[in-house]
Amino acid sequence: MKVQVCIIGGGPSGLLLSQLLHLRGIDTIVLEKYSRDHVLSRIRAGVLEHGFAKLMREAQCGERMDREGEIHHGFEIAHDGRLDRVDLHKYSGGNSVIVYGQTELTRDLYEARDRLGGQVVHNAEDVTPHDIASDAPYVTYRSGDKVVRVDCEFVIGADGFHGVSRKSIPKDVLREHEKVYPFGWLGILSRTKPVSPELIYVKHERGFALCSLRSQVLSRYYIQVPLTDKPEDWSDDAFWAELKRRLPGEVAGRLVTGPSIEKSIAPLRSFVAEPMRHGRLFLAGDAAHIVPPTGARGLNSAASDIYYLYHALIDHYRKGDDAGLDAYSQKALARVWKAQRFSWWMTMLLHRFPDRISYDDRLQDTEMSYLFSSETAMRLVAENYVGLPF
């Protein structure tokens with residue numbers, strides 16, 4: 001089998017790139033380790049930058065997102081028993097975000113690939129890139145007892161943190177930067193009316209909390225917990241009780257509780273791999289970088305990678321111009337590190353650290369006070385939250 005671009009990973013990043021390239025006449029194949037049902041069972045964040053939403057529309061996948069997604073012009077931060085709002089629309093020059101679940105976004109991308117007859121191979125085992133430093137790379141995978149070879153011109157590694165793509169880059173070439181936070185987020189999904197039409201981030205003495213939503217009948221809530229905790233340690237009643245303790249009274253009083261339909265703990269980490277290109281292999285999304293979910297940058301950072309790759313590959317095939325491919329790693333990493341900075345700042349602002357000292361507490365309080373006393377500070381938060389330019 002021969003294609004122009006072989007994409008490893010059938011999550012939103014790989015599917016979006018495949019769809020965009022297909023619409024421009026570039027032949028791709030997507031190799032996914034798991035079944036489609038497994039991919040669609042993953043519960044992930046769903047706050048989309050305006051730039052990501054625009055990319056979905058360009059990929060002809062934005063109709064349901066625009067119809068069902070929740071447009072948010074701001075979010076609130078609960079602290080010291082009060083609520084303060086960050087007006088994204090006002091301080092970002094009229095921009096906003098769309099709250100639309102990653103599962104639904106991925107489903108839209110799968111349907112678009114089906115509609116165009118795109119090649120997406122599920123349950124592809126033992127996927128392995130070969131000769132990535134040459135001009136003739138290829139990828140092999142196993143389907144049952146058969147080993148299939150895919151000859152291609154470029155390999156895109158969009159297979160996540162634990163995937164094979166990043167591991168294919170020689171260790172003497174790859175540099176990895178990592179910060180692991182000493183807590184996690186316990187999250188539940190419930191078929192209940194959201195407590196607020198906009199997200200509420202909570203800074204509290206007992207720990208961080210977040211009130212989010214997927215729709216007007218589907219809510220997503222999180223609380224900060226120690227890394228030693230497990231989901232089974234928390235009954236639904238215990239979760240709701242702890243969440244209420246961390247919310248301001250006016251918010252806790254209108255919280256609608258109900259049985260959880262999903263419950264999990266996500267550890268928080270920051271990770272960046274450099275460079276994001278080696279030969280004909282290009283990394284994208286979680287294969288190259290991870291951020292804490294605090295600033296809603298994870299999926300959006302992946303989308304910016306896809307934006308740069310998409311345009312670079314179009315220039316290569318349409319114009320014979322490789323400037324975009326040559327600059328991909330540097331350009332993508334510049335935006336990735338800005339997303340890392342913002343996610344780190346939000347995490348440090350809102351969480352309780354187990355080894356904190358009084359100096360840290362006072363500095364955290366001062367940072368919060370400054371944020372809501374300065375239009376410049378509000379503008380910086382807003383422009384980062386809605387998404388920096390590609």
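Tabulated data for the structure shown
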quantity: Odd one out for Gly144 among (1) in contact (Cβ under 8 Å) with a residue 40 or more places away in the chain; (2) at positive phi; calculated: (1)
quantity: Helices (runs of 4 or more DSSP H) lying entirely in the stretch 271-390 (those with 3 or more residues that are surrounded by 21 or more Cβ atoms within 10 Å (Cβ to Cβ)); calculated: 298-319, 323-350, 375-386
quantity: Failed condition for Leu88, given (1) surrounded by 17 or more Cβ atoms within 10 Å (Cβ to Cβ); (2) farther than 30 Å from Glu205 by Cα; (3) not small (Gly, Ala, Ser); calculated: (2)
quantity: Strands (runs of 3 or more DSSP E) completely within the stretch 66-110 that count 3 or more residues being within 29 Å of Ala252 (Cα to Cα) and not charged (D, E, K, R); calculated: 74-79, 97-99
quantity: Test: residue in the stretch 20-32 that is under 30 Å from Glu367 (Cβ atoms), touching a residue at least 24 places away in the same chain (Cβ under 8 Å), part of a loop (DSSP other than H, G, I, E, B) and out of contact with any Lys or Arg (no Cβ under 9 Å at 6 or more places or on another chain); calculated: no
quantity: Residue among Val217, Val225, Val202 that is of a type in the set (A, V, I, L, M, F, W, C), closer than 20 Å to Leu255 by Cβ and surrounded by fewer than 18 Cβ atoms within 10 Å (Cβ to Cβ); calculated: Val217
quantity: Check on Arg142, among the charged types (D, E, K, R) and in contact with a Leu (Cβ under 8 Å, 6 or more places away or on another chain); calculated: no
quantity: Subset tally (residues that are open to solvent by 20 Å² or more (accessible area, probe 1.4 Å), charged (D, E, K, R) and touching an Asp or Glu at 6+ places or on another chain (Cβ under 9 Å)) for the stretch 1-56; calculated: 2
quantity: Selection from the stretch 139-160 of residues that are open to solvent by less than 40 Å² (accessible area, probe 1.4 Å) and closer than 26 Å to His311 by Cα; calculated: Val139, Val150, Cys152, Phe154, Val155, Ile156, Gly157, Ala158, Asp159, Gly160
quantity: Near pairs, Cβ below 9 angstrom, 6+ apart or cross-chain, from the stretch 219-233 (free of Cβ contacts under 8 Å to residues at least 24 places away in the same chain) to any residue that is open to solvent by less than 90 Å² (accessible area, probe 1.4 Å); calculated: Glu232/Lys263; Asp233/Leu186; Asp233/Val225
quantity: Lone qualifier among Asp114, Asp126 - being free of Cβ contacts under 8 Å to residues at least 24 places away in the same chain and part of a strand (DSSP E or B); calculated: Asp126
quantity: Residue count, the stretch 241-253 (criterion: open to solvent by 50 Å² or more (accessible area, probe 1.4 Å) and of a type in the set (Asp, Glu)); calculated: 1
quantity: So Val256, is it aliphatic (A, V, I, L, M), in contact (Cβ under 8 Å) with a residue 40 or more places away in the chain and crowded, with 18+ Cβ neighbours inside 10 Å; calculated: no
quantity: Count - residues of the stretch 170-221 that are within 23 Å of the chain's Cα centre (by Cα) and either in a strand (DSSP E or B) or closer than 30 Å to Phe282 by Cβ (or both); calculated: 32
quantity: Residues of the stretch 43-82 that turn out to be in contact (Cβ under 8 Å) with a residue 40 or more places away in the chain, charged (D, E, K, R) and closer than 21 Å to Asp305 by Cα, as a count; calculated: 2
quantity: Flag if Ala238 is of a type outside the set (Ser, Thr, Tyr), over 16 Å from Pro292 (Cα atoms) and either surrounded by 21 or more Cβ atoms within 10 Å (Cβ to Cβ) or without any contact (Cβ under 8 Å) to a residue 24 or more places away in the chain (or both); calculated: yes
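The values are calculated or read from the model by the stated rules, or taken from the named source; none is laboratory data. Small disclaimer: the values here were computed from a predicted structure and weren't measured. A quick note on method: Cβ atoms are made from the backbone with ideal geometry, for glycine too, and the neighbour counts reach across all protein chains shown. These accessible areas exclude ligands, DNA and RNA; they are computed on the full protein's heavy atoms, side chains included. Shrake-Rupley method; radii C 1.70, N 1.55, O 1.52, S 1.80 Å.
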